[in-house]
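Worksheet for the structure shown next.
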């Protein structure tokens, strides 16, 4: 069996397992990647690890852990209630506020995925509270992260010239 066919079969098995069981598809895919890489492709562990984005994994794991703690101890709900008190009944300002906060965080140097991940729980709490479409709110956060990164890129281009 070729490596490509084994990878496709492995992917299908991962999708089926993640659909039928309450397990994380990413965790199964990580194990499946190493299984196909070592047993089918014959690669050693060092070669397989060389293509793995460790920095991104640590970032995502850390942010997930942080917000797991923040949701359990009530911090996210507290932030949602504080922002709700500031905005009052002006639901139209919620997406713009999230845009500005995310753009400010990324322009100050936070990585775009980290700023987006930090704002997502607060954003979804506010969109539920104000009955705002969560897709619109998510797009505003994503665009805020992009706008913040563009502003830092333009600053560095101006300082280079």
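The values are calculated or read from the model by the stated rules, or taken from the named source; none is laboratory data. Worth saying up front: this structure is predicted, and the values here are computed from it rather than measured. For neighbour counting, all protein chains shown are included, and Cβ atoms are generated from backbone atoms with ideal geometry for every residue, glycine included.
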Name every residue in the range 112-142 that is surrounded by fewer than 16 Cβ atoms within 10 Å (Cβ to Cβ) and either without any contact (Cβ under 8 Å) to a residue 12 or more places away in the chain or within 23 Å of residue 56 (Cα to Cα) (or both), in order of residue number.
113, 128, 133, 134, 135, 139
Of the listed residues (18, 29), the one being modelled with pLDDT of 85 or more and closer than 24 Å to residue 124 by Cβ is 18
What are the residues in the range 82-92 that are surrounded by 14 or more Cβ atoms within 10 Å (Cβ to Cβ) and either within 14 Å of residue 128 (Cα to Cα) or at pLDDT 85 or above (or both), if any?
83, 84, 91
If the requirement is being within 25 Å of residue 18 (Cβ to Cβ), modelled with pLDDT of 85 or more and in the same structural domain as residue 113 (by TED's automatic domain parsing), which of these qualifies: 40, 63, 72, 36?
72
Here are some residues: 39, 61. Which one is exposed (fewer than 11 other Cβ atoms within 10 Å of the Cβ), free of Cβ contacts under 8 Å to residues at least 40 places away in the same chain and closer than 17 Å to residue 6 by Cα?
39
Hey, can you tell me all the residues within the range 100-113 that are out of contact with any helix residue (DSSP H, G or I) (no Cβ under 6 Å at 6 or more places or on another chain) and assigned to a helix (DSSP H, G or I)?
100, 101, 104, 113
So is residue 149 under 19 Å from the mean Cα position of the chain (by Cα) and either modelled with pLDDT of 85 or more or in the same structural domain as residue 59 (by TED's automatic domain parsing) (or both) or not?
yes
